[in-house]
1. What's log10 of I(q)/I(0) for the stretch 11-51 at q = 0.22, 0.24 Å⁻¹, Debye sum over Cα points only, no solvent?
2. Given points 7 Å out from each Cα along the Cα-Cβ axis, report the Glu135 to Glu23 separation in nanometres with one decimal.
3. Out of [x] 0.96; [y] 1.03; [z] 1.65, which label holds the value of Cα Rg over 2.2 N^0.38 Å that was computed here?
4. Using 1/(1 + (r/R0)^6) with R0 = 25 angstrom and r between the beta carbons of Trp53 and Glu32, what's the FRET efficiency to the nearest 0.05?
5. Go through 42-51, 56-65 and give me the packing order, highest mean Cβ count within 10 Å leading.
6. Compute the convex hull volume of the Cα atoms of the stretch 67-132, divide it by the residue count, and report the result per residue in Å³ as a whole number.
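Read-outs throughout are calculated quantities, based only on the coordinates presented, and are distinct from any laboratory measurement. Since we're looking at a predicted model, the values are computed, not measured. Every residue, glycine among them, receives a Cβ derived from its backbone with ideal geometry; neighbour counts consider all protein chains shown.
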Amino acid sequence: MKSFPVLSEGFEIETEMSVHALELRMPVDEIETRYGARPEGSHSKLSTFRDGWRILKTIVTLYRIERPVLFFGGIGAFLLLAALIIAAPLVFTYIETGLVPRFPTAILVTGMTIVAVLSFFAGLILDTVTRGRREMRRLAYLSQPAPGAPLQL
């Protein structure tokens, strides 16, 4: 727990803890606890959609932070595919007539392609940063003595 950076509160913390444990390859165990009925007259503060939405946002945020190549590469791939679909009629028109009648569309396709490439390379750069951070967290985790281990002086 000493290597865990708490960034959220509420249900999101469970998602963060699970991702943190998985990325550092920590041993994980489940502990059964007793569950009792809610006292008479009390009501639950849980909301299926509100709490589910908060957890989903946390998952997307953690995915963006921990897997930037896939996140930003996916955005880049989507933009590039959309640019190719939009550009197809322009290319066919150019092949037939030698003219580009929809010049604003050509500019849009060019911009989308540039943003797609930039998004992919941003993901590559952020992946390098993420790997370094992950290694530092793993070293911080491994520097802690195991539970029940004798203290070394």
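1. Summing over Cα pairs of the stretch 11-51 leads to -0.92, -0.95.
2. For Glu135 paired with Glu23, the spin-label model returns 1.6 nm.
3. [z]
4. 0.30
5. Ranked by mean Cβ neighbours within 10 Å, highest first: 56-65, 42-51.
6. Value for the stretch 67-132: 59 Å³ per residue.
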